[in-house]
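Here is the structure we will look at.
The values are calculated or read from the model by the stated rules, or taken from the named source; none is laboratory data. Since the model is a prediction, treat every value here as computed from it, not as a measurement. So basically every Cβ, Gly included, is an ideal-geometry build from the backbone, and we count neighbours across all protein chains shown.
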Amino acid sequence: MEMRAVYAQCLAEMMEQDKHVCVLDADLAKASGTRNLYERFPKQMFDCGVAEQNMASVAAGLASYGFKPWIESFTPFATRRICDQIAISISYAGMNVKIVGTDPGISAELNGGTHMSMEDIGVIRSIPRMVIFEPVDEVQLRAAMPVLNAYEGPVYMRLFRKVQPVIFPEDYRFDLFKADTLREGKDLSIFVSGMMTKDALDAAELLKEQGIDAEVINVHTIKPVDRETVLASARKTGAVLTVENHNVIGGLHSAILETLAQEKLPVCAVGVQDRFGEVGKLPYLRETMGLTVENIVETAKKAVSLK
């Protein structure tokens, strides 16, 4: 299933069980996959129009009265456009609002650089109290949604809208604050988030053929990062590679570097190299931004060589 369809299904289940759960969108319900919820839950769905700052403020107001609002828009409009409202009206005020940014990074494709947010994690990471979560596949998303809804506090979820390769088994047990080790290894730790997880696993297979045993860990919650898992893996392997669909400044790479600041270990990165996006389909954008299996392999070999 498309990730947005799973997201909408989970919202429907939560809205059915709890009338305090509501959804606010910025005239993008169709894009977010929640359009059909308007007929089923007319008193719990709100179209705020193309006015994201107002949407965030309305959500904060609803939360102050005990509602559990989820707000959704394309990633740049759910983060950098409403940064002040997130910081003051939501996080500073301690409001229980869930923020969903769709089409993160290069997945914005043909919408181009204006809609291609490479800095959203960096923006939100700098705001106190915020939790940042990025699901890998529909299994993890389905397991995470009720956990996020039950969490008392503001959360930002970075949601790839379309179909993602399934990584986790159906009996997967989700822990919001615990990273998932997908593959054990002894030569290199690969910390990966979101849509790049399948690529990291494919790269690990290729590295194995070249004599490098890579450990792959999905860091689904980028703030707060799972320090215990990160430190244990890095100390075991002695070399680190981060892989993300985000600017290497401010995102997963920065979070891992901050965690390992006192460790004398090589840390390399595969991610967007501090640039804006452009119009293109995913294969072209992956190549242009260096978000390929081949680049993961070559950068991983560099990290191991620096041990």
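General remarks:
- Listed by position, the helices (runs of 4 or more DSSP H) inside the range 1-60 whose residues that are under 22 Å from S107 (Cβ atoms) number at least 1 are 3-17, 29-32.
- Residues in the range 268-279 that are under 21 Å from the mean Cα position of the chain (by Cα) and surrounded by 15 or more Cβ atoms within 10 Å (Cβ to Cβ): C268, A269, V270, G271, V272, G277.
- Here the range 152-169 is the region considered, the condition is being assigned to a loop (DSSP other than H, G, I, E, B) and basic (K, R), and the residue that is surrounded by the most Cβ atoms within 10 Å (Cβ to Cβ) is R161.
- Qualifying residues in the range 174-209 (those that are part of a helix (DSSP H, G or I) and of a type in the set (D, E)) - the one surrounded by the fewest Cβ atoms within 10 Å (Cβ to Cβ): E209
- Inter-residue pairs, beta-carbon under 9 Å, first assigned by TED's automatic domain parsing to the domain that holds I121 and in the range 61-86, second buried (at least 22 other Cβ atoms within 10 Å of the Cβ) and aromatic (F, W, Y), 6+ apart: E72/Y7; A78/Y156; T79/Y156; I86/Y156
- Across the range 95-110, the number of residues qualifying as out of contact with any helix residue (DSSP H, G or I) (no Cβ under 9 Å at 6 or more places or on another chain) and either without any contact (Cβ under 8 Å) to a residue 40 or more places away in the chain or more than 26 Å from G277 (Cβ to Cβ) (or both) comes to 0.
- Here the condition is being under 15 Å from E2 (Cα atoms) and of a type in the set (D, E); of E138, E170, it holds for E138 alone.
- In this structure, I212 does not satisfy being assigned to a strand (DSSP E or B), modelled with pLDDT of 95 or more and among the aliphatic types (A, V, I, L, M).
- If the condition is being outside any helix (DSSP H, G or I) and at negative phi, then the range 102-120 contributes T102, P104, G113, T114, H115, M116, S117, M118, E119.
- Within the span defined as the range 236-246, one or more residues are in the same structural domain as K186 (by TED's automatic domain parsing), among the hydroxyl-bearing types (S, T, Y) and farther than 21 Å from E287 by Cβ.
- Test: residue in the range 226-241 that is in a loop (DSSP other than H, G, I, E, B) and under 22 Å from the mean Cα position of the chain (by Cα): yes
- When restricted to residues that are buried (at least 24 other Cβ atoms within 10 Å of the Cβ) and of a type in the set (V, I, T), the range 238-255 contains 3.
- Cross-chain or 6+ apart pairs with Cβ under 6 Å, the range 28-51 first and more than 15 Å from L11 (Cα to Cα) and touching a residue at least 12 places away in the same chain (Cβ under 8 Å), then in a loop (DSSP other than H, G, I, E, B) and of a type in the set (A, V, I, L, M, F, W, C): C48/A26; V50/A26
- Residue selected from the range 218-237 under the condition touching an Asp or Glu at 6+ places or on another chain (Cβ under 9 Å) and touching a residue at least 60 places away in the same chain (Cβ under 8 Å), by the criterion surrounded by the fewest Cβ atoms within 10 Å (Cβ to Cβ): T221
- Subset of the range 44-75 [β-branched (V, I, T) and buried (at least 18 other Cβ atoms within 10 Å of the Cβ)]: V58, I71, T75
- Contact map, the range 188-213: residues that are more than 15 Å from G290 (Cβ to Cβ) paired with residues that are basic (K, R) and surrounded by fewer than 23 Cβ atoms within 10 Å (Cβ to Cβ), Cβ distance under 6 Å, separation 6+ or inter-chain. Pairs shown: A204/R183; D213/K186.
- For F174, the stated conditions hold: it is farther than 14 Å from I121 by Cβ and modelled with pLDDT of 95 or more.
- Restricting M130, M145 to those that are touching a Cys at 6+ places or on another chain (Cβ under 6 Å), within 30 Å of D171 (Cα to Cα), in contact (Cβ under 8 Å) with a residue 60 or more places away in the chain and assigned by TED's automatic domain parsing to the domain that holds R35 reduces the list to M145.
- Which listed residue is at pLDDT below 95 and over 28 Å from T102 (Cα atoms), from K264, K302, K236: K264
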